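The next block holds one structure in the form of structure tokens; read it before the comments.
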Amino acid sequence: MKFFALTGGIATGKSTVMRMIQAHGGEYSFFDADVFVHALYKEGWFHDHISKMLGLSLVDGLIDKSQLRDKIFTSPDAKQSLEKLIHPLVQKECLAQIEIAKNDDVSKAFFADIPLLFETNFLFDYDQILMVAVSESTQFSRLKRRNAHRDDMTQLMIQSQIPLATKMRQSDIVIWNEGEESVTQRQVERFLNTI
């Protein structure tokens, strides 16, 4: 079995590429860090812990995500505190899923979708890093359109990550997700045919 780290930048289309790979059914096993973190946000202990740690108020037992976003993208200390909580949990779960996949006789590859692979320096025993990339202008416009943020918040969110050009140089395979989805699909199919 081969192991791949799938990464990219915010609003580059990692989820789109993951969905294309998942369409191949049982041929592959997966771990999605975003899905795991979204599940954490549904747990009461998580909201309680973050509200105490960052001094945020709870509304009906939940943290206001826009308040949390403003806090972590304007306060480096708050961002670092949140990352110290979340990243070890993500890495632990990913490694557990890798161990399960190693005993899977059906799947021929395992994909770990780790958006902050480089930022967290998360090294696991992967064969290659698969990067999803777009131009800086496309990244900005997609993020702004998707989340309806102000320009300054959109820029802060992008700048909180390692630049795409740097990640591309550190990756083994780059899927260029600029333009028609069918073009991205063909790149994904070509890559999958190499496994």
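Brief remarks on what is shown
- Region 57-100, subset polar (S, T, N, Q) and modelled with pLDDT under 90, residue farthest from residue 43 (Cα to Cα): 74
- One residue from 13, 26 being in contact (Cβ under 8 Å) with a residue 12 or more places away in the chain, in contact with a strand residue (DSSP E or B) (Cβ under 6 Å, 6 or more places away or on another chain), within 30 Å of residue 187 (Cα to Cα) and among the small types (Gly, Ala, Ser): 13
- In region 1-68, counting only helices (runs of 4 or more DSSP H) that sit wholly within it, the ones holding 3 or more residues that are closer than 29 Å to residue 193 by Cβ span 14-22, 33-40.
- Evaluation of residue 173 against (1) in contact (Cβ under 8 Å) with a residue 12 or more places away in the chain; (2) at positive phi (one fails), failing number: (2)
- Scanning region 159-195 for residues that are assigned to a helix (DSSP H, G or I) and over 24 Å from residue 111 (Cα atoms) gives a single hit, 159.
- For region 93-130, a tally of residues being in contact with a Ser or Thr (Cβ under 9 Å, 6 or more places away or on another chain), surrounded by fewer than 18 Cβ atoms within 10 Å (Cβ to Cβ) and part of a helix (DSSP H, G or I) returns 2.
- Residues that are among the aliphatic types (A, V, I, L, M), farther than 23 Å from residue 119 by Cα and either buried (at least 16 other Cβ atoms within 10 Å of the Cβ) or touching a Leu at 6+ places or on another chain (Cβ under 6 Å) (or both), drawn from region 131-190: 188
- Scanning region 136-153 for residues that are over 17 Å from the mean Cα position of the chain (by Cα), in a helix (DSSP H, G or I) and either modelled with pLDDT under 90 or farther than 19 Å from residue 166 by Cβ (or both) yields 141, 144, 145, 151, 152, 153.
The values are calculated or read from the model by the stated rules, or taken from the named source; none is laboratory data. What you see is a predicted model; the values in this text were computed from it and never measured. So basically every Cβ, Gly included, is an ideal-geometry build from the backbone, and we count neighbours across all protein chains shown.
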